[in-house]
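Have a look at the structure below, then the notes.
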Amino acid sequence: MKALIAARAIITRELARFVTQRERFFAALVRPLVWLFVFAAGFRAALGLSIIPPYKTYISYETYIVPGLCGMILLFSGMQSSLSLVNDRESGTMRLMLTAPWPRWFLLGAKLLAGAMVGLLQVAIFLVIAWGYGLKFSLIGYLAALPALALAGIMLGALGLFLSARIRQLENFAGVMNFVIFPMFFLSTALYPLWKMQESSPLLATLCEINPFTHAVELVRFALYGQMNLAALGWTVLAFALFFGLALLGYEPARTRSR
Amino acid sequence: MTEALRVAGLSHDWGRKPALRDVSFAVPEGRFCALLGPNGAGKSTLMAVLTGLIRPAPGVVSVGGHDLGRSPRAALARIGVVYQAPTYDLDRSVFANLKYFAALQGLSGAMARDRIAASLARLGMEERAGEKVAALNGGHRRRMEIARALIHAPRLLLLDEPTVGLDAPARAAITAHVHALTAEGISVLWATHLVDELHPDDDLVLLHQGRVAAAGRVDAVTGATPLAEWFLTRTGAAA
């Protein structure tokens, strides 16, 4: 019970921080909306999409990229959360949290959950705007997407957590974000289906296939149509376990070499 | 006399650079113990070890009889910490900062509010509760951090150079406040390089180049030599 009080405090602090940072809120929404309203209009003509699962008929390019843009929001949100972790470490509040009398995995897990909740909130608003634009899914699709989005958010948050454990200064973080976010996003099925990539470059298609972000996006894509993609689920869970495990190792009290 | 803190055979390296070497000492209950040492002596490293932020190899830290390595929750619950660097949210109020910390310790509701009020009153900060931390001066920020460290009723208070950057009156006030806490049975480990913060009847652990160079009551250890002179002689540092 006492541990839950601590977890609630960590989550509430993160949510309050997000609500008070209006620029962060709008930036998080503007990015995917620009992709949806501007880039998708241009790409629609250039990219032909064949019928691939989970779609049963031809779809617009805008419809195709909605799950990818949900993933994009979660990816940026995960990185933003890790940025706030680096900031917490620089401001000293991280020390305060890590010296609380709870297991480190629990404290970092609460931080991870908080970041995922912030991401989910942004995705929910994005989906409402997309709905207003005519990109609608069934109620079952929205309900099924919720746990898929949550898992994707937690997995990407765990990646951010791992990165924050390795990065010592905020200045270094911007560079790493560029080396992580953009390759992950563009080497995935967020903007184009895998077979399109396969036609262009088998090597890049292979990289797409092993990219955890691809599987997070596919998990959400299938869920939005009320379907389960077991392979994507497995990959996403595996990636979460790997990233969170590495993050915990990174946040372990430093060991000295044995003497 | 029972011990609030016992450190035994503790060593730590930063990479290839030795930071602590076979450090052993104890802080009895209700005593003010100064961890005195020049800059770079290993005080902050020792504080990081005592709060579980880094793990020593080898060495044992016991807080109120609880081994920090084996029972970290029980040990950490007995410790209040004031770090050398600030550890607060500048854009939140004093009360919000303290409430967050109380919750991290598992305190909520009326109990948390009562503890926060009592801690702030103890440090003469009641009227500052609603102010944003950014609006406070350095002395009040430090007092807030000390008040925060006391919320969960710790038996041991660790302070890492808590008067750094403060003016003389603020330093004197904070030093007096913390000395007074020992009357309530709270043990204090106060890391500093400023000898004027010590009383003759305080305990002293002199840390120099990562080793304990002397330990005991201040007046007993220094004898007839003034503390500042004694410190300079033993470490070659300007006090």
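The values are calculated or read from the model by the stated rules, or taken from the named source; none is laboratory data. In this text the structure is predicted, and so the values were computed from the model without any measurement. Neighbour counts are summed over all protein chains in view; Cβ atoms, including those assigned to glycine, are modelled from backbone coordinates with ideal geometry.
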Unmet criterion (only one of (1) touching a Pro at 6+ places or on another chain (Cβ under 7 Å); (2) assigned by TED's automatic domain parsing to the domain that holds B:H199) for B:G64
(1)
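Determine which member of the set A:A100, A:A114, A:A110 is in contact with an Asp or Glu (Cβ under 6 Å, 6 or more places away or on another chain), within 14 Å of chain B (Cβ to nearest Cβ) and of a type in the set (A, V, I, L, M).
One residue alone meets the criteria, A:A114.
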Of the residues in segment A:8-28, how many are buried (at least 16 other Cβ atoms within 10 Å of the Cβ), more than 9 Å from every other protein chain (Cβ to nearest Cβ) and either among the aliphatic types (A, V, I, L, M) or within 17 Å of A:L108 (Cβ to Cβ) (or both)?
3
Could you tell me which residue of segment A:22-79 is modelled with the lowest pLDDT, considering only residues that are under 21 Å from A:F213 (Cα atoms) and of a type in the set (D, E, K, R)?
A:R31
When you scan segment B:127-147, do you find a residue that is modelled with pLDDT of 90 or more, hydrophobic (A, V, I, L, M, F, W, C), closer than 22 Å to B:A4 by Cβ and part of a helix (DSSP H, G or I), even just one?
yes
Which of (1) assigned to a helix (DSSP H, G or I); (2) touching a helix residue (DSSP H, G or I) at 6+ places or on another chain (Cβ under 6 Å) does A:L135 not meet, given it meets every other one?
(1)
For segment B:151-173, state whether one or more residues are in contact with a Leu (Cβ under 8 Å, 6 or more places away or on another chain), small (G, A, S), crowded, with 16+ Cβ neighbours inside 10 Å and farther than 16 Å from B:P86 by Cα.
no
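So that you can scan it fast, the table gives a plain yes or no per residue for (1) under 20 Å from A:L246 (Cβ atoms); (2) touching a Phe, Trp or Tyr at 6+ places or on another chain (Cβ under 7 Å); (3) free of Cβ contacts under 8 Å to residues at least 40 places away in the same chain; (4) surrounded by 23 or more Cβ atoms within 10 Å (Cβ to Cβ):
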position	(1), (2), (3), (4)
A:M184	yes, yes, no, no
A:K196	no, no, no, no
A:R221	no, no, no, yes
A:A231	no, no, yes, no
How many residues, within segment B:45-101, are in a strand (DSSP E or B), modelled with pLDDT under 90 and either more than 7 Å from every other protein chain (Cβ to nearest Cβ) or within 24 Å of B:A117 (Cα to Cα) (or both)?
0
Checking B:P18 against (1) without any contact (Cβ under 8 Å) to a residue 60 or more places away in the chain; (2) over 30 Å from B:A134 (Cβ atoms): exactly one of these is not met. Which one?
(1)
Please work out if B:S24 is surrounded by fewer than 17 Cβ atoms within 10 Å (Cβ to Cβ) and either in a helix (DSSP H, G or I) or not aromatic (F, W, Y) (or both).
yes
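Kindly provide the set of residues from segment A:50-84 that are among the aliphatic types (A, V, I, L, M) and either within 14 Å of chain B (Cβ to nearest Cβ) or outside any helix (DSSP H, G or I) (or both), ordered by number. Break it down into steps so the answer makes sense when it comes.
Going through segment A:50-84, the residues among the aliphatic types (A, V, I, L, M) turn out to be A:51-52, A:59, A:65-66, A:69, A:72-75, A:79, A:83.
Answer for segment A:50-84, where residues must be among the aliphatic types (A, V, I, L, M) and either within 14 Å of chain B (Cβ to nearest Cβ) or outside any helix (DSSP H, G or I) (or both): A:I51, A:I52, A:I59.
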